Each structure stands twice: as C-alpha cells, then as structure tokens.
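Contents: one structure, followed by commentary.
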Amino acid sequence: MNARDEEPSSGAGALISARGLRKSYGRTEALRGASLDLHEGEILAVTGTSGSGKSTLLHCLSGITRPDDGVVAYGKEKLSLLPEQRLSELRRSDFGVVFQFGQLIPELTALDNVALPLLLAGIRRDRANQRAGEWLECFGVRGQADIRPGGMSGGQAQRVALARALVTEPKAVFADEPTGALDSLAGEQVMTALVHTARESATAVLLITHDAQVAAYADREVWLRDGVVHSAPADVSDREAARREG
Ligand code: ADP
Ligand code: MG
C-alpha cells in the first residue's frame, strides 16, 4: 500500500471525519482501515470497483452500520458511542440518504413521500405539504406530486427520492450510486438537480459511484480499493510506484 496517497490524519474543519474504519462480514473484510473527511458543503465522490467497500463505508459514515473498529466523528459526537436513539435522530434530521432505487414508499404519492420526514419531525401537515411541493418543484417533478412511485419513470422516482432526502435540510446527503439504475440522460438530470440543490443549500454530499462521468460533478474524488481510501486512482499510484522503483 502506498502511504502517500492516503487521506491526511487531521480531521480539522471536517463535517464528518472517519479514521481507521474496519468492518468485516464473516471472513470478508469490507473495510480495512478506511479514513475520510467530508467537509461542510463539499461534493465528494467515492469511486471504486464493485465489492471495494463503498456501500459499507457509506453505511458507517451515516450511522446505519457500526464499524468493528475506528471512529466516525460528527462534530463533537462519535457515532460509534451514540445510543441508537440519538443515531436515528441524526439520520432523521442531519443526514439524508439516497440509494440506487426502490426506497420510496410505494403506497404513498410523491408529495406524501417527501412530506413524511417533515411529519416525523413534528411539522404540521399543511406546512409539510407546502414544503414538500417546493422541493418537488426544485427537482422538476412537481407534476408528479399526486403520482405513486409505480407510475413514475426511474429518473422521476430518483428525483423524488432526492427531494425527500433534502427536504429536512440536512447537513449531509449520502447518495449510493443514485444514478446507477438510470439511462444516461435521466442520470444527468438527476445529477444536475442534486449538485445544483446541494450548492444552493450548502449541503455536503458524499456521492458513491463507479461512473467517471458522475464523479466529474464532484468537487473532489477519492478511490476505495480493498477497503482503504486513496486520494489517487489505481493507475496513477501504480505508475508513480513504478517510476520511483525504476
Ligand atoms: P461496494 O458497495 O463497493 O460494491 P460493499 O460495501 O457493498 O461494496 O461490499 C464490500 C464487501 O463486503 C463485498 O465483498 C461484499 O460482498 C461484502 N458485504 C457487504 N455487505 C455484506 C453483508 N451484509 N453480508 C455479507 N457480506 C457483505
Ligand atoms: Mg455498493
């Protein structure tokens, strides 16, 4: 492993700072000492081949999974030390999560899907609906307000899912291959809407992708290989290593 291309050890100024994360599933070591900083308002792409530990990293950073070892700091709080109740509060209010597909509630209309996190936060129905409508508008899917997920295209459903992730105005949005199930035009529309909205609201975005075109929307890109985060892609560091050895 090339120590020079690892993330710096200081988490100063980071919104979320992860150090030395390890997570195994049986004999599979999904994360083997992954470290990463997500700064306020930045759009950070995490790229890596399938099975490199990207989703596991996202789950650890967003408090969905507890790592076996290592620390995830969010401000003064260490996620691994928090009780389940505080973690779910953070997931509800401070973090938004978007997956590849299928996370909308099929029985609810687009408007009700987006209003739900606000209702859970205790906001009154009329105000929640109004704000949900505004966020659907932001993502260009206000016309789908009364439609259930089954009646939408994949791209529309993803834009509704993004509206739902952002409606509570979280500090960070975690998106796990949000365009992975879309054709390139729909994917582009989803990414454009996400990047535009995140910048307007200074929301940090951790964007997981294995698509270089999607990563190009980010401010910064890191690479996950064998459960470790690198700040250079494999070919560059390999070339570097060869040059130094040669
Ligand atoms: P990626 O998102 O980059 O494809 P993952 O984080 O999903 O990678 O998975 C990393 C490794 O951990 C893979 O080998 C995968 O099979 C394994 N893994 C992930 N989640 C589980 C799980 N819940 N049970 C068993 N193995 C898992
Ligand atoms: Mg994954």
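The values are calculated or read from the model by the stated rules, or taken from the named source; none is laboratory data. Remember, predicted model here, so these are calculated numbers, not experimental data. Positions of Cβ are generated from backbone atoms using ideal geometry, with glycine treated the same way; all protein chains shown enter the neighbour counts. The area values use the complete protein model at the heavy-atom level, side chains included, leaving out ligands, DNA and RNA. Shrake-Rupley method; radii C 1.70, N 1.55, O 1.52, S 1.80 Å.
Some notes on this structure:
- Within region 76-88, residues that are open to solvent by less than 50 Å² (accessible area, probe 1.4 Å) have Cβ atoms under 7 Å from residues that are not in a helix (DSSP H, G or I) in these pairs: Leu79/Gly63; Leu79/Val72; Ser80/Arg66; Ser80/Pro67; Ser80/Val71; Ser80/Val72; Leu87/Gly63, counting only partners at least 6 apart in sequence or on another chain.
- Scanning region 67-89 for residues that are under 24 Å from His230 (Cβ atoms) and either over 17 Å from the mean Cα position of the chain (by Cα) or within 16 Å of ligand 1 (Cβ to nearest atom) (or both) returns Pro67, Asp68, Asp69, Gly70, Val71, Val72, Ser80.
- Of all residues in region 209-228 being in a loop (DSSP other than H, G, I, E, B) and within 14 Å of ligand 2 (Cβ to nearest atom), the one that is farthest from Phe99 (Cα to Cα): Gly227
Residue by residue, here is whether (1) modelled with pLDDT under 95; (2) among the basic types (Lys, Arg); (3) outside any loop (DSSP other than H, G, I, E, B); (4) crowded, with 24+ Cβ neighbours inside 10 Å holds:
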{"site": "Asp146", "(1), (2), (3), (4)": "no, no, no, no"}
{"site": "Thr168", "(1), (2), (3), (4)": "yes, no, no, no"}
{"site": "Ala186", "(1), (2), (3), (4)": "yes, no, yes, no"}
{"site": "Ala193", "(1), (2), (3), (4)": "yes, no, yes, no"}
{"site": "Ser237", "(1), (2), (3), (4)": "yes, no, yes, no"}
{"site": "Glu240", "(1), (2), (3), (4)": "yes, no, yes, no"}
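- Checked against the criterion of being in a loop (DSSP other than H, G, I, E, B) and closer than 17 Å to Val167 by Cβ, the candidates Gly140, Gly96, Gly133 yield just one match: Gly140.
- Counted residues, region 183-237 - those being among the aliphatic types (A, V, I, L, M) and more than 16 Å from ligand 1 (Cβ to nearest atom): 15
- Gly70 being closer than 18 Å to Glu29 by Cβ, open to solvent by less than 30 Å² (accessible area, probe 1.4 Å) and more than 16 Å from ligand 2 (Cβ to nearest atom): yes
- When region 20-52 is filtered for residues that are within 11 Å of ligand 1 (Cβ to nearest atom) and within 14 Å of the chain's Cα centre (by Cα), the ones remaining, listed by number, are Val46, Thr47.
- Residue in region 94-106 that is most open to solvent (accessible area, probe 1.4 Å), counting only those that are touching a helix residue (DSSP H, G or I) at 6+ places or on another chain (Cβ under 9 Å) and modelled with pLDDT of 90 or more: Pro106
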